[in-house]
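Each value in this text was obtained by applying a stated rule to the coordinates, not by laboratory testing. What you see is a predicted model, and the numbers here were worked out from it, not measured in a lab. Cβ coordinates were reconstructed from backbone atoms using ideal geometry, including for glycine residues, and neighbour counts include every protein chain displayed.
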Amino acid sequence: MAPMRAIFTADRLWDGSQLIELPIVIAEDGLVVSIASGKEAAVPKGQLHAFPGLTLGPAFFDIHIHGSAGHDVMEATPEALLAIGKFLASRGVGAYLATTVTAPLDATLRSLEGLAKLIEKVPEKAQTQNASWPIGIHLEGPFLSHAKRGVHPPDLLLTPQIDTFDKMFEAAEGRIRLLTLAPELPGAAEFAAYATQKGVRVSVGHSNATAAETRATLAAGATSATHTFNAMRALDHREPGILGVVLTTDSLFAELICDGIHTAPELVRLWWKAKGPERAILITDAMSATGMPDGEYMLGGFAVQVAGGKATVNGVLAGSVLTLDRALRNFVEFTGAPVENGLRLLGTNPAAMTGFTGKAGSIAVGQPANLVVVDAAGKLVQPIHSGVLI
Ligand SMILES: [Zn+2]
């Protein structure tokens, strides 16, 4: 049988490291086999998908997402991940980190075991149905601050304990790639160094830390910040706290939920000015209600009310119902930044921070043809998964 060949052309392409004018991308059997510029090569024969006036980029990579389409990743079943993955692919997401919330230890271990198996062996249905799939795990909790826990259950929060982490890391078969940690907890810096040495990226957040406490955790290896501004000690000009350090440490990556609800547009601009095109990361923090009508939904083990684009527990924001394509449009609208910068924030930077460059956030020969077509305003015009228009 001849290979299934698809050809994509557009005005420009961001491949994860450079902009290519008049790109011609050829995919065969779901993989990219060639990337060229129209200036050098003529468009070859094959099934042509032309996107004049538009930009091609890598599919999005969400490093902080709890669920979508009525399901939570902690269900850790093929059915749940398939429903989530089909929805995400339709919104331009090619890969994600399945993100846990604070739960009883045995429930967390069960979820981690289930997720590890599903990451290890991607079910055939995920491929035939063009679902995006997790490539790692983000452990958000239980090592968080009581003062800034958000909706994480207070009785289940823990101080950093290496033996508990080891149990989780083992259950996850080493698939934990990102861990949110409050720097003010006792032993946080040593814990950060231990996790970093295991290949886990540490992200500071859910925290009331002082500037000094935060710096100590960064010195121990932390590389990012979790949903900047949200569940973080507010900025004070005498004690800059975690936020002051996050915004002024040039090497540190920083996540943001760009839904216009979690962070006001003015503060999105401040974050953008501070972190710039190589360190800013857009995430959704989306929960199971994403892509569903208003009502009551689960986030990990607790119930959340969703109405009018807000997910809350007793009035406290509990994750979002944001999608990354919407985050891109908001980012372009709020900052006026060019759309290719947005593509860095949604793919290239999260992949660089988590060490997944080559597996997500870039377009290269030999990789799955997971692409997005966007316009100058950041609107997702066409998601492409494994060379197929979704
Ligand atoms: Zn959170």
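Before rounding to the nearest 500, sum -39500 (n - 2.57) across all DSSP H runs of length at least 4 in the chain and divide by the residue total; then give [θ] at 222 nm in deg cm²/dmol.
-8000 deg cm²/dmol
Taking only the alpha-carbon atoms of segment 265-369, what semi-axes of the equivalent ellipsoid follow from 5 times the gyration tensor eigenvalues under a square root, in whole Å, largest first?
Over the Cα atoms of segment 265-369, the semi-axes work out to 28, 18, 12 Å.
If you add up the charges near Leu380, with Lys and Arg at +1 and Asp and Glu at -1, over every other residue whose beta carbon is less than 11 angstrom from its beta carbon, what do you get?
Counting the neighbours of Leu380, the net charge comes to +2.
Hey, can you rank 363-376, 179-192, 279-292, 51-64 by average C-beta count inside 10 Å, highest first?
279-292, 51-64, 179-192, 363-376
Relative contact order, percent, of segment 60-360 when contacts are C-alpha pairs under 8 Å separated by at least 6 residues?
Taking the mean separation of contacting Cα pairs over the length of segment 60-360, I get 19 percent.
Could you run the Debye sum over the Cα atoms of segment 60-360, one equal point scatterer each and no solvent, and tell me log10 of I(q)/I(0) at q = 0.08, 0.14, 0.15 Å⁻¹, two decimals?
Cα-only, vacuum Debye calculation for segment 60-360: -0.29, -0.98, -1.15.
Restricting attention to segment 1-102, which GluC sites (Glu not before Pro) occupy a DSSP loop and are surrounded by at most 16 other Cβ atoms within 10 Å?
Passing both the DSSP loop test and the Cβ count: Glu40.
Stokes-Einstein at 25 °C, 0.890 mPa s, Kirkwood radius from Cα pairs: D for segment 11-60 in µm² s⁻¹?
214 µm²/s
Against the empirical 2.2 N^0.38 Å scaling, what ratio does the C-alpha Rg of segment 1-151 come to?
Taking the Cα Rg and dividing by 2.2 N^0.38 Å, one obtains 1.30.
What pairs from Lys45/Lys359; Lys86/Lys273; Lys117/Lys273; Lys275/Lys310; Lys275/Lys359 go past 31 Å between their alpha carbons?
Long pairs (Cα-Cα over 31 Å): Lys86/Lys273; Lys117/Lys273.
Full-extension gain between Glu170 and Leu389, please, as 0.36 nm times their residue separation minus the C-alpha to C-alpha distance.
75.1 nm
Label points 7 Å out from Cα along the Cβ direction at Leu270 and Ala234: separation in nm?
In this crude label model, Leu270 to Ala234 measures out at 1.1 nm.
Can you list the aspartates and glutamates whose alpha carbon sits under 15 Å from that of Lys39, skipping same-chain ones fewer than 8 residues off?
Partners found: Asp11, Glu21.
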